[in-house]
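See below for the structure under consideration.
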Amino acid sequence: MQLQRQLGISRYETAWLILQKLRRAMVAPEREPLSGEVEVDETLVGGRREGRHVARRHGEKALVGVSVEVRGLGSGRLRLGVLPDASQDTLTAWVRAHAAPGAIVHTDGWPGYAKLTGAGYDHRPRLQRRDHPDAQKLLPRAHRAAANLKTWLQGTHRGVSPQHLQVYLDEFVFRHNRRRTPMAAFQTLLGLGALHQPTTYRQITRHATRPPAEQTG
């Protein structure tokens, strides 16, 4: 609605389509994978039912993979992507898609990460129950990114439909990774837009979530 007012567009749908096209241009076709030390986690987004397992069973929440570089006490580059499940194959594919071979990968003790060592990573799981009072300290950067994502989705967009969630994740990643150079973000977006094929309204409205190995959040 803000873009609609700023551009003087009469139809809300036109402004929505412009933004959807821009969001699909926020991913660089070729970019360097995360390197050094990387925190990896998953989080649930959306839904009304309380409880991680209840929401998964009823399909009301989307599972989102989170990978973020460790940069001292702060966070480096971020990747987010919708995941079909938290199985070993899915999570191993997620890490391979976004972390450079040989990277130090920090995760919690979820068995879904058990194959990372065999996949060529220095896997260093941090074991602790998810309901432990200090659980948020295990992967502070990943947890902070997940919390900021949920606040942004709810506070700015008031929720996002599952079929379009990935492109909103891409927008959040674009903003996060350029948070220190906001003035250059618009110019970067224009450049990225020239690298992508045009996206039609039909393609956007029938958009399906990309598989983990192809996600580039």
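Just so it is clear, none of the values below were taken in a lab; they were calculated from the coordinates. This one's a predicted model, so the numbers in the text were calculated from it and none came from an experiment. Here Cβ is always computed from backbone atoms with ideal geometry, including for glycine, and neighbour counts include all displayed protein chains.
Structure data summary
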read-out	value
Calculated FRET efficiency for the pair Arg71/Thr156, C-beta based, R₀ 25 Å, to 0.05	0.45
Ranked packing of 60-71, 25-36, most packed first, by mean Cβ within 10 Å	60-71, 25-36
Theoretical gain in end-to-end length, Ala86 to Arg202 [0.36 nm per residue, Cα-Cα removed]	38.7 nm
Residue order, fewest to most beta carbons within 10 Å, for Phe172, Phe186	Phe186, Phe172
Extended-chain gain in nm, criterion 0.36 nm per residue less alpha-carbon gap, Ser35 and Ile18	2.8 nm
Residues in region 154-175 reached by a label modelled at Glu60 [backbone nitrogen below 20 Å; 7 Å Cα→Cβ]	154-155, 158-165
³J(HN,Hα), Karplus 6.51/-1.76/1.60, whole Hz, each residue of region 149-162, x for Gly, Pro	4, 5, 4, 5, 4, 7, x, 8, 9, 6, x, 9, 5, x
